[in-house]
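Written below as structure tokens is the structure these notes are about.
The values are calculated or read from the model by the stated rules, or taken from the named source; none is laboratory data. Since we're looking at a predicted model, the values are computed, not measured. So basically every Cβ, Gly included, is an ideal-geometry build from the backbone, and we count neighbours across all protein chains shown. Remember, those area values only see protein heavy atoms, side chains included, never the ligands or the DNA or RNA. Shrake-Rupley method; radii C 1.70, N 1.55, O 1.52, S 1.80 Å.
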Amino acid sequence: MPDIPVAVVALLCVASLAAGWIDAVVGGGGLLLLPALLLGLPSATPAAAALGTNKAIAIVGTTGAAVTYARRAPVDVGTAVRIGFAALAGSSAGAFFAAGMSTEVLKPVIMVVLLGVAAFVILRPAFGTAPALGPAGRRRKLAAIGLAGLGIGFYDGLIGPRTGTFLVLALTAVLRLDLVSASATAKIVNCCTNAGALAMFAWQGTVLWRLALLLAVFNLAGGTLGARTALKRGSGFVRVVLLTVVLALVTNLAYEQWVA
């Protein structure tokens, strides 16, 4: 592990805890944790090490949230696992291409998509708050496997942050889930995307395992607490957090694009 001041390690632990909570409720925890790692690690540390370490941390918190949700929320585990296997393949491919890919061209596109998402959620107050309509049909399940599995899985391996948010939105829209059920399903899928990307980063030797182990403890605590909060407060609460996270993502991207 690189030589990191104790004060910086403490801040990284707090960031990991908060990221786990945000990620469990509505996704987007990487928005906080990955920049924290990039800032906290010594400047000589390759960016790929931050990406790999982030995956090793996130998979622990995501697994904790997924277990908590699965015990108490209505989740179609079979469908979630099928989407997850597709996402694992997609994230592995994305991680393979990550080293040679410039993400600068993608930022404006993602920003426009997120603004569209925010407008849609604001203009459709009932989005994700009505009870789930029952099991989805075969076509919707196949669409979810393609979009949430392969498509968002590839994005997760390639870039990472915002994956959980995109999964929640895609699953809510395609499978017609309420936001709590979508968050629960997304955690199972996200476990697979993290596993696929982490396997590739580990093979490339870009994971700082000792630091990841420490921060994973805090991420697990945050993820478990976040899942319990979402289950207790319901879809209305998740909708508010979703809008907050989406607007924060847009602000962050705008800053990176035009200010930083």
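Suppose we look only past 17 Å in the calculated P(r) of segment 1-43. What percent of the Cα-Cα pairs does that tail hold?
Of the Cα pairs, 30 percent sit more than 17 Å apart.
With θ taken as phi - 60° and the coefficients 6.51, -1.76 and 1.60, list the Karplus ³J(HN,Hα) couplings across segment 77-87 in order, rounded to whole Hz; mark glycine and proline as x.
In residue order, the calculated couplings are 4, x, 5, 4, 5, 4, 4, x, 5, 5, 5 Hz.
To one decimal place, what orientation-averaged projected area in nm² is obtained for the convex hull of the Cα set of the chain?
The directionally averaged projection comes out at 12.6 nm².
Just check segment 25-102 against the gyration tensor rule for me: Cα atoms, a ≥ b ≥ c as the square roots of the eigenvalues, rounded for a/c under 1.5, and otherwise prolate or oblate depending on whether a/b exceeds b/c.
Judged from the Cα gyration tensor, segment 25-102 comes out oblate (a/c at least 1.5, b/c at or above a/b).
With all protein chains present, how much of the accessible area of the chain (probe radius 1.4 Å) comes from carbon and sulfur, to the nearest whole percent?
Within the chain, the accessible surface is 70 percent carbon and sulfur.
Can you give the Rg to Rh ratio for segment 205-251, taking only C-alpha atoms and Rh from Kirkwood?
1.15
Kirkwood Rh and Cα-based Rg: tell me the resulting Rg over Rh for segment 162-260, rounded to two decimals.
Result: Rg/Rh = 1.02.
For segment 157-205, what value does the Rg/Rh ratio take when both radii are computed over Cα atoms and Rh is the Kirkwood radius, given to two decimals?
For segment 157-205, the value is 1.08.
Work out, step by step, the length gained on full extension between residue 140 and residue 6: first 0.36 nm times the residue separation, then minus their alpha carbon distance; give nm to one decimal.
Length gained between residue 140 and residue 6: 43.3 nm.
Could the peptides 189-199, 87-97 be put in order, highest first, of the mean number of other beta-carbon atoms found within 10 Å of their residues?
Sorting 189-199, 87-97 by mean packing, highest first, produces 189-199, 87-97.
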